[in-house]
Amino acid sequence: MQILILNGPNLNLLGTREPEIYGSTTLADIAAACVEYGTQIGLTVQCAQSNAEGALIDHLHDARGKMSGVIINAGAYTHTSVALRDAISAISLPVIELHLSNTHAREAFRHVSMIAPVCLGIIQGFGAAGYMLALDAMKAHLTRV
Ligand code: DQA
(Lines give C-alpha, C1' and ligand atoms only; values in the text may rest on other atoms or scores of the structure.)
Protein backbone atom coordinates (compact mmCIF):
# COMPACT_ATOMS: atom_id res chain seq x y z
CA MET A 1 0.00 0.00 0.00
CA GLN A 2 1.58 3.21 -1.26
CA ILE A 3 0.49 6.47 0.33
CA LEU A 4 1.25 9.98 -0.91
CA ILE A 5 1.43 12.72 1.71
CA LEU A 6 1.02 16.03 -0.06
CA ASN A 7 1.69 19.36 1.62
CA GLY A 8 0.69 22.68 0.16
CA PRO A 9 1.72 26.32 0.39
CA ASN A 10 3.86 27.65 3.23
CA LEU A 11 4.16 24.25 4.88
CA ASN A 12 7.81 24.16 3.80
CA LEU A 13 8.28 26.80 6.51
CA LEU A 14 7.05 24.57 9.34
CA GLY A 15 9.30 24.82 12.35
CA THR A 16 9.65 28.58 12.09
CA ARG A 17 6.22 29.56 10.72
CA GLU A 18 3.93 30.78 13.54
CA PRO A 19 5.09 27.98 15.89
CA GLU A 20 2.39 28.93 18.42
CA ILE A 21 -0.16 27.73 15.82
CA TYR A 22 1.71 25.10 13.83
CA GLY A 23 4.29 23.81 16.31
CA SER A 24 8.05 23.69 16.04
CA THR A 25 8.46 20.43 14.11
CA THR A 26 9.87 20.91 10.62
CA LEU A 27 8.29 19.41 7.52
CA ALA A 28 11.40 17.27 7.03
CA ASP A 29 10.94 15.86 10.55
CA ILE A 30 7.26 15.17 9.87
CA ALA A 31 8.09 13.47 6.57
CA ALA A 32 10.74 11.26 8.23
CA ALA A 33 8.33 10.32 11.03
CA CYS A 34 5.62 9.48 8.50
CA VAL A 35 7.92 7.23 6.46
CA GLU A 36 9.04 5.44 9.64
CA TYR A 37 5.54 5.08 11.07
CA GLY A 38 4.21 3.96 7.70
CA THR A 39 6.79 1.16 7.61
CA GLN A 40 5.67 0.04 11.08
CA ILE A 41 2.03 -0.26 9.99
CA GLY A 42 2.66 -1.65 6.51
CA LEU A 43 2.37 1.47 4.38
CA THR A 44 4.97 2.80 1.98
CA VAL A 45 4.90 6.58 2.35
CA GLN A 46 6.06 9.17 -0.15
CA CYS A 47 6.00 12.88 0.67
CA ALA A 48 5.81 15.93 -1.57
CA GLN A 49 5.35 19.64 -0.99
CA SER A 50 4.65 22.55 -3.29
CA ASN A 51 3.65 26.15 -2.92
CA ALA A 52 2.02 26.06 -6.36
CA GLU A 53 -1.58 25.02 -6.91
CA GLY A 54 -0.87 23.52 -10.34
CA ALA A 55 2.03 21.44 -9.02
CA LEU A 56 -0.22 20.02 -6.28
CA ILE A 57 -2.76 19.09 -8.96
CA ASP A 58 0.00 17.43 -11.00
CA HIS A 59 1.00 15.38 -7.93
CA LEU A 60 -2.62 14.28 -7.50
CA HIS A 61 -2.85 13.26 -11.17
CA ASP A 62 0.45 11.35 -10.90
CA ALA A 63 -0.93 9.41 -7.93
CA ARG A 64 -3.48 7.70 -10.19
CA GLY A 65 -2.58 4.06 -10.73
CA LYS A 66 0.46 4.32 -8.44
CA MET A 67 -0.86 5.21 -4.99
CA SER A 68 -3.47 3.52 -2.80
CA GLY A 69 -4.41 6.79 -1.11
CA VAL A 70 -3.45 10.40 -0.50
CA ILE A 71 -3.21 12.48 2.67
CA ILE A 72 -3.31 16.18 1.83
CA ASN A 73 -2.65 19.29 3.84
CA ALA A 74 -3.63 21.79 1.16
CA GLY A 75 -2.85 24.79 3.38
CA ALA A 76 -4.70 27.92 2.32
CA TYR A 77 -5.75 26.34 -1.00
CA THR A 78 -8.15 24.27 1.12
CA HIS A 79 -10.31 27.34 1.47
CA THR A 80 -10.11 28.62 -2.12
CA SER A 81 -9.33 25.99 -4.70
CA VAL A 82 -12.07 24.53 -6.87
CA ALA A 83 -9.28 23.16 -9.07
CA LEU A 84 -7.85 21.08 -6.21
CA ARG A 85 -11.31 19.83 -5.36
CA ASP A 86 -11.87 18.80 -8.98
CA ALA A 87 -8.49 17.04 -9.06
CA ILE A 88 -9.35 15.06 -5.93
CA SER A 89 -12.70 14.09 -7.49
CA ALA A 90 -11.04 13.16 -10.75
CA ILE A 91 -8.46 10.71 -9.41
CA SER A 92 -10.93 8.35 -7.68
CA LEU A 93 -8.55 7.62 -4.81
CA PRO A 94 -9.28 7.84 -1.08
CA VAL A 95 -8.02 11.25 0.07
CA ILE A 96 -7.83 12.39 3.69
CA GLU A 97 -7.85 16.14 4.38
CA LEU A 98 -5.45 17.12 7.14
CA HIS A 99 -4.65 20.31 9.05
CA LEU A 100 -2.21 20.87 11.87
CA SER A 101 -4.48 23.47 13.46
CA ASN A 102 -8.21 23.27 14.15
CA THR A 103 -9.38 25.51 11.33
CA HIS A 104 -12.83 25.84 12.92
CA ALA A 105 -11.31 27.51 15.98
CA ARG A 106 -9.69 30.15 13.77
CA GLU A 107 -10.76 32.93 11.37
CA ALA A 108 -14.12 32.50 9.62
CA PHE A 109 -12.50 32.22 6.18
CA ARG A 110 -10.79 29.02 7.38
CA HIS A 111 -14.12 27.41 8.30
CA VAL A 112 -14.86 26.65 4.65
CA SER A 113 -13.13 23.76 2.92
CA MET A 114 -13.55 23.42 -0.83
CA ILE A 115 -12.07 19.93 -0.70
CA ALA A 116 -13.89 18.42 2.30
CA PRO A 117 -16.93 17.17 0.31
CA VAL A 118 -14.70 15.06 -1.95
CA CYS A 119 -12.43 13.70 0.80
CA LEU A 120 -12.87 10.54 2.81
CA GLY A 121 -12.59 12.43 6.09
CA ILE A 122 -10.75 15.17 7.91
CA ILE A 123 -8.14 15.14 10.67
CA GLN A 124 -7.25 18.48 12.18
CA GLY A 125 -6.14 20.17 15.37
CA PHE A 126 -3.59 17.58 16.51
CA GLY A 127 -0.44 19.19 15.18
CA ALA A 128 2.22 16.98 13.66
CA ALA A 129 0.67 13.91 15.34
CA GLY A 130 -2.25 14.34 12.94
CA TYR A 131 -0.14 12.90 10.13
CA MET A 132 0.26 9.61 12.04
CA LEU A 133 -3.46 9.63 12.86
CA ALA A 134 -4.17 10.09 9.16
CA LEU A 135 -1.91 7.14 8.30
CA ASP A 136 -3.80 5.01 10.83
CA ALA A 137 -7.11 6.18 9.32
CA MET A 138 -5.91 5.42 5.79
CA LYS A 139 -4.69 1.96 6.82
CA ALA A 140 -8.04 1.25 8.50
CA HIS A 141 -9.87 2.38 5.38
CA LEU A 142 -7.72 0.35 3.00
CA THR A 143 -7.88 -2.84 5.05
CA ARG A 144 -11.52 -2.61 6.05
CA VAL A 145 -13.42 -5.85 5.35
C1 DQA B 1 -3.39 24.67 7.67
C2 DQA B 1 -4.59 25.56 7.96
C3 DQA B 1 -4.83 26.54 6.82
O4 DQA B 1 -5.93 27.38 7.12
C5 DQA B 1 -3.61 27.40 6.61
O6 DQA B 1 -3.81 28.25 5.49
C7 DQA B 1 -2.36 26.61 6.46
C8 DQA B 1 -2.14 25.48 7.36
C9 DQA B 1 -3.04 23.76 8.87
O10 DQA B 1 -2.34 22.79 8.68
O11 DQA B 1 -3.47 24.04 10.00
O12 DQA B 1 -1.48 26.94 5.68
O13 DQA B 1 -3.69 23.83 6.57
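The values are calculated or read from the model by the stated rules, or taken from the named source; none is laboratory data. None of these values were measured; they are calculated from a predicted model. For neighbour counting, all protein chains shown are included, and Cβ atoms are generated from backbone atoms with ideal geometry for every residue, glycine included. Side chains are part of the model used for accessible areas, which takes the heavy atoms of the whole protein and leaves out ligands, DNA and RNA. Shrake-Rupley method; radii C 1.70, N 1.55, O 1.52, S 1.80 Å.
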Under a 5 Å amide H to amide H cut-off, with H placed in plane at 1.01 Å, what residues pair with Gln124 once short-range neighbours are removed?
His99
Apply the Karplus curve 6.51 cos²θ - 1.76 cosθ + 1.60, θ = phi - 60°, to the phi angles in region 83-90 and return the couplings in whole Hz, x for Gly and Pro.
5, 5, 4, 5, 5, 4, 4, 5
Using θ = phi - 60° and the Karplus relation 6.51 cos²θ - 1.76 cosθ + 1.60, list the HN-Hα couplings for region 4-19 in order, rounded to whole Hz, with x at every Gly or Pro.
9, 9, 10, 10, x, x, 6, 6, 5, 8, 4, x, 10, 7, 5, x
Using alpha-carbon pairs under 8 Å, 6+ residues apart, how would you state the relative contact order of region 2-144 in percent?
26 percent
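Can you pull the percent of the chain's accessible area that's carbon plus sulfur, 1.4 Å probe, other chains left in place?
Numbers: 3710 of 6770 Å².
Of all accessible area on the chain, carbon and sulfur atoms account for 55 percent.
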Just to confirm the filter: which GluC sites (Glu not before Pro) across region 42-143 are DSSP coil and have at most 10 other Cβ within 10 angstrom of their Cβ?
Glu107
